[in-house]
1. Just to confirm the number: angle between the C-alpha axis of helix 402-416 and the first principal axis of the chain, 0 to 90 degrees, nearest 10?
2. Using only the Cα atoms, what convex hull volume per residue in Å³ does the stretch 2-87 have?
3. Rounded, prolate or oblate for the chain? Axes are the square roots of the Cα gyration tensor eigenvalues, ordered a ≥ b ≥ c, and the cut-off for rounded is a/c under 1.5.
4. Among Lys107/Lys469; Lys130/Lys432; Lys107/Lys384; Lys17/Lys125, which pairs are too far apart, with a Cα-Cα distance over 30 Å?
5. So, in Å, what gap is there between the alpha-carbon centers of the stretch 97-136 and the stretch 1-46?
6. Per DSSP H run of n ≥ 4, the term is -39500 (n - 2.57); total these for the chain, divide by its residue number, and report the mean residue ellipticity at 222 nm rounded to 500 deg cm²/dmol.
7. In what order do Met356, Met84, Met269 fall by count of nearby beta-carbon atoms within 10 Å, going from fewest to most?
8. What does the charge count around Arg318 come to, taking other residues whose C-beta lies under 13 Å from its C-beta (Lys +1, Arg +1, Asp -1, Glu -1)?
Amino acid sequence: MNDISAAVDKLVSYARKNLCLAEENVLWARNAVLDILGSPDYAFTGEESCALSPEEPLGELFSACEKAGIFAPEEREEYGDRVMGALSLPPDAVCARFADTAALDAKAATEWFYTYCVKNDYVKKSRLDKNPRFEEDGLIVTINKAKPEFRDPKKAASGNSVKGGYPLCAICRENEGCPVRNKRTLRTVDLTLDGEKWFWQYSPYGYFYQHGIAVNCLHTPMHVDRSTFLKLADFVDMFPHYFIGCNAPLPRIGGSVLAHDHFQGGGEMLPMHRASAYAALSRPSFKGVAEVLDWPGTVIRVVSADREELADVCEEIREKWVGFEDLSLGIVPSDEDGVHNAVSPTVVKTARGYEMSVILRSNITSERFPDGVFHAHPEFHSVKKESIGLIEAQGLFILPGRLEGQLKEVADLIEKGEPLPEEHAQFSLVYKEASALYSERPAEGADAAIRRELGSICRRILQNTAVFKDKRLTVKFLEELGFALI
Ligand SMILES: [Zn+2]
């Protein structure tokens, strides 16, 4: 049992140094850990940990416990969550520390909170760092090995609720410390957005640097209205080093949780935020500028230092788009299946003021495109079939983990000059195009050709999502709202 005693002591020492575990709470926390482990024989060893991340002390505890038959390897996730939950600060202490720091320095507050969520093992950073990630054709492509592929848009409508109905959905604040989804290590902090109570938490899947979600304290459905633009502006007023955006509140083009109002943001400027303007427009009495972005999707960027006029213009764009019909382009605002047009707004703060990009989206389907006319077309589904949500629309693609192995095999075939076997028929487009790219620059290798091919496919997927394939139509859309080219 000495192994367990030493492992427990090391983990408690790690919590003292990294998780703000107070001296007065050490015995109490250690007893909680022993309780979780079923009260094994224990004697204090005085072992210390110098680790800066949880993998090492947790790994030692797992090995010792498995050796002693306390739990099996497949129970690691649950036991890790229980033990780290017991060693983490309670929510009030996290909120207080975050608020005190934010009052002086917002960036230091988010830095502290994010680091805390990594150190208490909620954000599985070491696993996320293993995800392949590269830039190609102006887009960022990642392969997410930590998250299961999500292909069922019906589940999104229910917010991925669990049997029993508590918590009501996967992002309700009731998940904080909850055993149901192993959320004992989840910690959240308070936000006030346009006068409403919201909270902020980091994502355990972390698609990009400090990826988090802002969530309404009430379990209320996703929606976008004028207040959404003010809430997003409030958020970047508090955290100007972050971007924040809201998914379109419709299935097939929105996020994985539609049942609960939330935004996604974080500490990385995504490719769309860096896109230049194809055209700039303004109108009398509007002090800002509306830009049609030089971007494969259909995006209008409203720039203004005045949040009220920003919200007014964005809401006008939203209202016009929600009712917009052009059958020749396949745009049908609503039919017997409900509403099909929606916007996805996302904001950054720059020297020019707020830059609110309003992405025009449609989830209409047709016989030819049963998954969506403005969704990734079928020839690309072997790479990406899931909804093209806010993050992808901004140029960061999260591709399913299965691709890593599958595309490695395709790359090997290309390099060897072998034909694509029947079982990989779904990759015939990738194989054909990547083979051509490879033959252009064979010295770079087939892996590089596959990466270029993925960048090209992601760009074409974004073009599929564009509701106006011709940017002059986006300019015309704004002209109909009284804007004129500058
Ligand atoms: Zn909820």
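1. 70
2. On the way: hull volume 6.8 nm³, N = 86.
With only Cα atoms used, the stretch 2-87 gives 79 Å³ per residue.
3. Details: a/c = 2.13, a/b = 1.40, b/c = 1.52.
Here the chain falls in the oblate category.
4. On the way: Lys107/Lys469 39 Å; Lys130/Lys432 28 Å; Lys107/Lys384 34 Å; Lys17/Lys125 19 Å.
The pairs that break the limit, which is 30 Å between Cα atoms, are Lys107/Lys469; Lys107/Lys384.
5. So the two Cα centres are separated by 25 Å.
6. On the way: 15 runs with 180 residues, N = 486.
Here the helix-only value at 222 nm equals -11500 deg cm²/dmol.
7. Values: Met356 27, Met84 23, Met269 16.
Listing Met356, Met84, Met269 from fewest to most nearby Cβ atoms yields Met269, Met84, Met356.
8. Values: positive: Arg226, Lys320, Arg361; negative: Asp225, Asp312, Glu315, Glu316, Glu319.
Here the charged neighbours net out to -2.
Laboratory data are not the source of any read-out in this text; all were calculated from the coordinates shown. Because the structure is a prediction, the values reported are computed rather than measured. Note that each Cβ is placed from the backbone with ideal geometry, even for glycine, and that neighbours are counted across all protein chains shown.
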